[in-house]
Amino acid sequence: MIETLKLEKAFGYKQALKSTTMTIEAGQVVALAGPNGAGKTTLLRILAALSRPTRGRVAINGIEIPQGAMQARAYIGYVGHQTLLYDELTIAENLRYYARLYALDNVDARILEVAQQVGIEKRMDDAVRTLSRGYQQRVSLARALLHHPKVYLFDEPWTGLDHNSSHVLTGVFERARQEGAAVLFSSHEFERSLAAADRALIMRNGRMIYDGARDEWRDAAGFAQVYTEKLNESDSK
Amino acid sequence: MIFFRQLYAILAKELQVEWRTKETLSAMLVFALLVLVIFNFAFDLQGVDIKVLGPGVLWVAFSFSGIIGLGRSFAAERDRGSMDGMLLAPVDRGAIFLGKALANFLFILAMEGVTLPLFVILFNVSLEWFPLVGYVLMGTIGFSAVGTLLSAIAASTRMREVMLPVLLFPVLVPLLVAAVKITQGSLQGAPFSDFQGWFNLLLAYDVIFLVVAYLVFEFVVEE
């Protein structure tokens with residue numbers, strides 16, 4: 001579960017997040033949309049305990065961060081703009097390293113399990129620098145899944161993914177829903193991403209301007225209409 | 001136990017990456033060799049007491065080469081985003097600091113392991129290896145601890161290549177002065193009591209800055 005209450009983040013004089021309040025329950029898959037600079041990445045980084053809020057409260061699975069950040073991190077699987085992988089190491093070496101950071105037992109078995117889940121098991125001994133962007137993103141997904149997270153935070157995960165890799169990603173979200181994890185992902189690609197979502201949020205200038213369940217927008221075309229309307233309303237205020 | 005497993009994972013990763021690329025060590029070794037060769041040509045070995053001047057040359061080679069290694073320590077992590085990977089995990093920030101500092105210590109030690117014998121050859125110096133190696137180790141411990149902390153600070157700035165030496169050298173002055181004085185005393189075969197004061201300073205520096213860097217590191221890397 002993800003909870004924020006009047007969450008704010010300022011970088012110097014720039015207010016990147018303004019009083020954001022939301023709750024994402026276990027088993028929900030929620031899309032986060034908004035124009036560039038809306039604050040999506042800032043929000044995701046705070047939820048991932050990579051950045052401290054300036055004001056307000058954040059809780060992951062009932063654990064407040066940053067106070068309980070060490071505990072909360074064990075529940076968070078995060079995929080950001082960068083893959084967080086070491087180019088010089090192989091897929092297996094990268095995953096083994098992260099498995100050790102998360103103090104996992106049965107490391108080799110778990111690595112193989114997540115590798116099979118994202119379809120990278122045939123190239124475990126290949127160096128990451130030899131992989132395409134889409135394949136690296138799959139490895140990054142595997143890295144985020146290693147420790148059985150309860151909260152998935154993905155920042156534009158569809159970037160650079162081909163059709164097969166998109167399918168893998170959708171499968172990950174579906175599995176997360178079945179396992180009762182909370183998923184929040186940001187995306188500009190409505191066509192590919194919204195099929196997986198139960199609910200959608202729209203941000204603009206650091207504020208949440210829309211929070212709607214699937215039956216309000218139904219599909220990507222419907223959401224695109226809502227998106228445009230909400231941005232225009234926000235501009236006119 | 002988890003703390004040490006995570007520390008080991010970070011150290012092992014650092015060594016593994018360096019083994020594959022050899023970027024840091026090769027740059028450090030070349031620079032150290034360059035310093036020794038230039039100073040070797042600059043000084044007339046007949047006319048100077050090399051045991052007085054040599055320690056300064058040695059520690060110039062160690063410290064400038066060391067900064068090259070330290071500069072890469074966090075800069076590469078920040079550039080590729082893998083620093084976030086470490087910070088995302090439930091890893092004690094002290095384990096991250098110790099893992100990185102240990103790796104830096106080993107890389108600088110490897111550089112010194114080549115530079116010191118070259119110094120002996122190029123400057124035609126006779127010395128007693130045992131105490132001198134111990135003193136160099138002590139200097140390297142403090143250098144690595146402070147350098148790792150300040151490297152983490154510098155890596156998050158735009159002018160990181162300039163920022164690290166600007167931040168590091170003023171803080172290193174006590175260590176470098178003490179290290180040079182101890183090395184001089186050791187090369188000259190002086191009794192320990194002649195440079196014990198400098199030894200005590202170096203020991204205190206190592207302990208204080210190792211502890212301070214360990215405690216402060218969390219606040220440096222967290223956004």
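Read the figures in this text as sums done on the coordinates, not as results from a lab. All of these numbers come straight from a predicted model, not from anything done at the bench. Note: ideal-geometry Cβ built from the backbone for every residue, glycine included; neighbour counts use all protein chains shown.
Tabulated data
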read-out: At 1.002 mPa s and 20 °C, Stokes diffusion of the range B:2-221 via Kirkwood alpha-carbon radius, µm² per second; value: 119 µm²/s
read-out: Least to most buried among B:MET163, A:MET208 (fewest other Cβ within 10 Å first); value: B:MET163, A:MET208
read-out: Restricting the range A:172-237 to GluC sites (Glu not before Pro) in coil, as DSSP defines it, with at most 13 other Cβ within 10 Å; value: A:GLU179
read-out: Proxy reagent accessibility, fewest Cβ within 10 Å first, across A:VAL183, B:VAL212, B:VAL136; value: B:VAL212, B:VAL136, A:VAL183
read-out: Table column - 3J(HN,Hα) (Hz), the range A:68-79, Karplus curve with 6.51, -1.76, 1.60, x for Gly and Pro; value: x, 4, 4, 5, 5, 4, 5, 9, 9, x, 10, 10
read-out: Exposure proxy ranking, count of Cβ atoms within 10 Å, fewest first, for A:MET203, B:MET1; value: B:MET1, A:MET203
read-out: Lysines whose Cα lies under 17 Å from that of A:LYS9, excluding same-chain neighbours fewer than 8 positions away; value: A:LYS18, A:LYS40
read-out: Shielding by partners, peptide B:75-88 (average Cβ within 10 angstrom, other chains); value: 6
read-out: Under 10 Å, Cβ to Cβ, from A:THR20 - net charge with Lys/Arg +1 and Asp/Glu -1; value: +3
read-out: Cut-off under 5 Å, modelled amide H: who pairs with A:ARG204 long-range; value: A:ILE209
read-out: Chain B, helix-only ellipticity at 222 nm - DSSP H runs n ≥ 4, -39,500 (n - 2.57), divided by all residues, nearest 500; value: -30000 deg cm²/dmol
read-out: Listed residues A:GLY222, A:GLY77, A:GLY27, most fluctuating in chain A (Gaussian network, C-alpha, under 10 Å); value: A:GLY222
read-out: Net charge, B:PHE74 excluded, C-beta distance under 10 Å - Lys, Arg +1, Asp, Glu -1; value: +2
read-out: log10 of Debye I(q)/I(0), alpha-carbon scatterers only, for chain A at 0.11, 0.12, 0.14 Å⁻¹; value: -0.56, -0.66, -0.90
read-out: Partners for B:LYS51 among aspartates and glutamates (Cα-Cα distance below 14 Å; same-chain residues under 8 apart left out); value: B:GLU128
read-out: GNM top mover of B:LEU53, B:LEU210, B:LEU70 - chain B, alpha-carbon springs below 10 Å; value: B:LEU53
read-out: Distant alpha-carbon pairs in the range A:85-148 (separation over 20 angstrom), percent; value: 13 percent
read-out: Structure-based [θ]222 nm, chain A - -39500 (n - 2.57) summed over DSSP H runs of at least 4, per residue, nearest 500; value: -11000 deg cm²/dmol
read-out: Max mean-square fluctuation residue, GNM over chain B, Cα-Cα springs under 10 Å, options B:ILE121, B:ILE68, B:ILE50; value: B:ILE121
read-out: Projected label distance in nm at A:GLN225 and A:GLN15, using a 7 Å step from Cα toward the beta-carbon; value: 3.3 nm
read-out: 3J(HN,Hα) from dihedral phi, the range B:63-71, Karplus parametrisation 6.51/-1.76/1.60, rounded to Hz, x for glycine, proline; value: 6, 5, 5, x, 5, 4, x, 5, x
read-out: The range A:61-103 versus the range B:159-178: alpha-carbon centroid distance in Å; value: 32 Å
read-out: Span from the the range A:186-219 Cα centroid across to the the range B:100-157 one, whole angstrom; value: 55 Å
read-out: Calculated from backbone phi, Karplus (6.51, -1.76, 1.60) coupling profile of the range B:32-41 in Hz, x at Gly/Pro; value: 4, 4, 4, 4, 5, 5, 4, 5, 4, 6
read-out: For A:VAL79, residues with placed amide H under 5 Å, excluding near neighbours; value: A:LEU153, A:PHE154, A:ASP155
read-out: The range B:1-42 versus the range B:62-98: alpha-carbon centroid distance in Å; value: 13 Å
read-out: A:LEU32 long-range amide H proximity, modeled H, under 5 Å; value: A:PHE185, A:SER186, A:SER187, A:LEU201
read-out: For the protein assembly as shown: Kirkwood Rh in Å [reciprocal of mean 1/r, alpha carbons]; value: 24.4 Å
